[in-house]
Every structure is written in structure tokens, then in C-alpha cells.
Amino acid sequence: MQRTRATLSLAVIAAASVSLIGCSADDGGGDDTIRIVYQKTDAFVALDDLFTKVKPAFEEANPGITVELEPIVADEGDYATKLALMQQSPDTAPDVFYEDTFKVRSDVEAGYLLNLDEYLADWEDWSKFNEGAKEAGRADDGSVYAVPLGTDTRGIWYSKSVLESAGVAVPWEPKSWDEILDTARKVHAAEPDKVAFNVYAGKPAGEGSVMQGFGMLMYGTDDELYDADAKKWVTGSQGFIDSLAFIETLYGEGLAPAPDVALDGSMWQKLFGEWFPGGQIAGTIEGSWSPSFWMEGGQYAWPEYVDDIGVAAFPTQDGGGDGAVSLSGGWTLAVGANSGNPDAAFDFLAMALNQENSLQYNIANSQIAVRTDVAEDPAYLDANPFIGFFTDLVTYTHFRPATADYPEISAEIQAATEAVMTGQMTPEDAAAAYDEAVVGIVGEENVTG
């Protein structure tokens, strides 16, 4: 399906703006220019496409207001760094910006996000958003500071042809970590030059090492990272050690990409652009957004993916518990706390996330819809042959701890996985180093054990 299927005419968008809430831009106005800051890469242009369409419609509907689009061309880690630097001065802070869900609480604490409660109370569309998804933008004080664009889930993507050539029957539905390792060993024995199974690890992959790596393992054990009831981080965890041990086995036996390849922050480009289309990888943990790379108009357009790729839920450690694991994250739009014209900024956000624009964005970026009217739209359901499977994984999903100190904790998890994948530490030693680091971040009183 082409990405332009859900494109709105300017006339439709402009008409929709009549219902937007708040004062008109030239009523309570501070600045007459609003700056929109967001991420853009060769592989991620969906948001730039959306904002480029909304900008002229918004300006036409709001005479006197100019919208400046300021894409930051960078990967997730560099985008976060550059955005944080911009936030430190009112002169450079954006009016509307693209915000990762796991950064919301820490950025609220830093004073970067505007409280949106009053705006949302008057915005009719807010009732169309999934109640669970709304929590992604909620801070410790109970107020909402960001509006979700979409969400995601994670599972196993595998090459039917590679598995079959190694004598593995498809559909492949592993029920435990051992079954994954057994299959990976079969692939490696049959075709040692191919990547048998990828689990992201190490600091260069950033949050991907947690969300498409360690976290998928950890949440399938009997332990947890964070005790939400006690509001304490968990230390001394056997599940933490076991998760690192799985990573050690994959990399130590040569089943995963070579560590120097895996520690290249652009490895994902090889995975989507070369390894899967070229039959050079058997399987990986990846997200629901994967078809956005392969579908028509994607960076690595590969029509055959519909037939060659299979999907499976990622299992728990021994098949117990729920039997499957997923992690969900996603991104939001937020209004800057230092915006000179917050009314116009929110109105832009609201126009960008109305039904038609959300539909367009969710299709183009292979996102799981957070608006109920989008989730029911035939265009959304028909756009991606795997969307139903990954939507069903919401049943098994987990969300990262919504605490202000999570970003620092995540960095320590990334460091632990890198130490193990490169053989610099045993799983036990890396887990002990992680525990010590966590205590240093949050204090003895905020950890268990």
C-alpha cells in the first residue's frame, strides 16, 4: 500500500481546525512563530511528511502565525542529546517537540514540558484516545504533559527460507529460550556465515538494547526490574543474571552478529536493508514498525517480505507465566514549557493528531494506533499484513518503569549487556556492577535486597 493513501486535502485539514480548542493564535498571543522540533532520518520521514502537510494548512487557518519546522537529522541518542541542549535556554527551546515516552517524566521534572490538562479537557478528540495510551504522557503529579502518536510491540521476525534451508519447520513458534538457542544452533551448523539470531546489546544501540534486547528477556523471568508497589529498583536479581547469560551464550557461540558489527550503531540498516532481503539472517527481536522499511515507499522496499517473513511471540524463559513477552514504548508530541504561544502550539499539536492525520502517520510508520477511531479504520487494518498479530501482543506487553531516573538506569543496562557480549565481564559480575550503579543513582533506600 502506498503511504499517501490517507493524505488529507488542505481544505479538509483547514476545516478541521475550526474545532480546535484554546484561544485563537492572535488572541492571547506571545510569539507569532511556533517552532516544531522532531527527529528525521533516512529511514524515518513519516513525521516530517506529516508536519510538512500540516504546516501550510495551519498557517492558512491561523493568519499571522508562522510555523517553523526544525527536523533534527540524527539517530535516537543524538536526537535526545540535541533536544536536551535546546531545552536549556528559552531562546532555543521548541514550542512543540517529538518526545520519547520514557523521557516524559524526567523532562517534566526538568521543567521542559507544559502541563496540558486544561487544553485536553476542552479537546473533543482526547476522548478518542485509548485510556491506557494516555498514561504514556502522564507524570508523577497525575497530569498529562504529552499526547501519544502511536505505540508499538515487539516480537520475533524470522526468515522462512533461511529456517527451512536449515531444516527448521515453519511456522516457527519457540516456547522457551532454549528452543530459540536450539534453532539458532541448527542454523549456525547448516550455514555458519549467516546470523542465526539477533538480540540487540551494547551502548551504541541505545534504548534498542533494552527494548529489543535485554528487556524482552528480563520480563520473561520470575524477576522484575522495578517493584512498582514498593517504588524501588530491584537488585540482586537472578532474572537479571539469566538474561545476561542468554546474551553471553548467543554472542559467545557465534549465533549473533559479531560483536564489532553489533556495536555499530547503524547495524539495523544492514539487518533491514541487506540481511533479511538477502537471506543472511534467520531471526531477530524487532518491533511492530518493521514493515515500514520494506513496504512500498520504504527505505528498503522489498515486496517479497510479505511472503518470506514470519512472526512469532517471544517466549518467557521456560514457557511459564503468560508464555509470551512483549515490550511497548512509543513517542509523543509535547508543548514546551517555555513556549511564547502555548495556545497556538497546542492547536498545531491537535491538528497534527486529528483522526485523518493520525491515520496517515500510523500507516506510514507501521505504528499501533492509539486512537480508537483509527484502530477501527479499514485503511489502517489493510495497510500492514502483520498489524493484527502485533496488536494482539498488547495482551502480553510491559512498559518501562515510568520514573524520572529510568534513563540513567537504562544506560547501566546497556553497559552491562556490552560488557557481557564482548566477554569483558561474566553475567554475574556485570549484574553486580549494575546493582552498584543503581544504588549510586537512586540511593540505598530506593532499592530492594
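The values are calculated or read from the model by the stated rules, or taken from the named source; none is laboratory data. Everything numeric here is computed off the predicted structure, so don't read it as measured data. We place every Cβ from the backbone using ideal geometry, glycine too, and count neighbours over all the protein chains shown. What goes into the accessible areas is simple: the full protein's heavy atoms, side chains included, and nothing from ligands, DNA or RNA. Shrake-Rupley method; radii C 1.70, N 1.55, O 1.52, S 1.80 Å.
Quick one: putting +1 on the C-beta of Lys and Arg, -1 on the C-beta of Asp and Glu, what dipole do you get for the range 37-161 around its Cα centre, in Debye to the nearest 20?
Values: 11 positive and 26 negative charges, 109 e Å.
Result for the range 37-161 is approximately 520 debye, rounded to the nearest 20.
Per residue, how much accessible surface does the range 341-440 expose to a 1.4 Å probe? Answer in Å², no decimals.
Details: 3410 Å² over 100 residues.
Accessible surface, normalised per residue, equals 34 Å².
Please report the relative contact order for the chain, taking Cα pairs under 8 Å with a sequence separation of at least 6, and give it as a percent rounded to a whole number.
Details: 838 pairs, mean separation 122.1, N = 449.
That works out to 27 percent.
By per-residue mean of other Cβ atoms within 10 Å, what is the highest-first order of 332-340, 312-320, 138-146? Don't skip to the end; give the middle numbers.
Working: 332-340: 22.1, 312-320: 19.2, 138-146: 17.0.
The most tightly packed comes first, giving 332-340, 312-320, 138-146.
Which order do the peptides 152-163, 343-354 come out in when sorted by mean C-beta neighbours inside 10 angstrom, highest first?
Details: 152-163: 22.8, 343-354: 25.9.
Per-residue mean Cβ counts within 10 Å order the peptides as 343-354, 152-163.
Gaussian network model of the chain, Cα springs within a sub-10 Å range: biggest mean-square fluctuation belongs to which of 250, 85, 359?
In the Gaussian network model the winner is 85.
Can you give me the % of accessible surface on the chain that is carbon or sulfur? Probe 1.4 Å, all protein chains present, nothing else counted.
Numbers: 8340 of 17610 Å².
That fraction is 47 percent.
Mean separation of Cα pairs under 8 Å and 6+ residues apart, divided by the residue count of the range 238-303: what relative contact order is that in percent?
Working: 28 pairs, mean separation 10.8, N = 66.
Normalised by residue count, the contact order of the range 238-303 is 16 percent.
Give the distance, in whole Å, between the Cα centre of the range 283-314 and the Cα centre of the range 61-92.
Each part's Cα centre sits 30 Å from the other's.
First check a/c for the range 308-440, with a ≥ b ≥ c the square roots of the eigenvalues of its C-alpha gyration tensor; if it is under 1.5, answer rounded, and if not, answer prolate when a/b is larger than b/c or oblate otherwise. Mind showing how you got there, number by number?
Details: a/c = 2.90, a/b = 1.37, b/c = 2.12.
Because a/c hits 1.5 or more and a/b fails to exceed b/c, the range 308-440 counts as oblate.
Using helices alone, what [θ] at 222 nm do you get for the chain, with -39,500 (n - 2.57) per DSSP H run of 4 or more residues, divided over all residues and rounded to the nearest 500?
Numbers: 21 runs with 174 residues, N = 449.
One gets -10500 deg cm²/dmol as the mean residue ellipticity at 222 nm.
Using mean Cβ contacts within 10 Å as the protection proxy, how do 296-305, 42-51 order, highest first?
Values: 296-305: 14.8, 42-51: 18.8.
Descending packing order for the listed peptides: 42-51, 296-305.
Using only the Cα atoms of the range 29-124, build the gyration tensor, take square roots of its eigenvalues as a ≥ b ≥ c, and label the shape rounded, prolate or oblate: rounded if a/c is under 1.5, else prolate if a/b is larger than b/c, else oblate.
Numbers: a/c = 1.55, a/b = 1.14, b/c = 1.36.
It is oblate, given that a/c is not under 1.5 and a/b is not larger than b/c.
Give the shape of the range 222-367 as rounded, prolate or oblate, defined through the alpha-carbon gyration tensor: a ≥ b ≥ c are the square roots of its eigenvalues, a/c under 1.5 means rounded, and otherwise the shape is prolate if a/b is larger than b/c and oblate if not.
Details: a/c = 2.11, a/b = 1.22, b/c = 1.73.
Judged from the Cα gyration tensor, the range 222-367 comes out oblate (a/c at least 1.5, b/c at or above a/b).
Would you work out which of 430, 190, 244 lies farthest towards the positive end of the dipole of the chain? Charges go on Cβ: Lys and Arg +1, Asp and Glu -1.
Looking along the dipole axis, the top candidate is 190.
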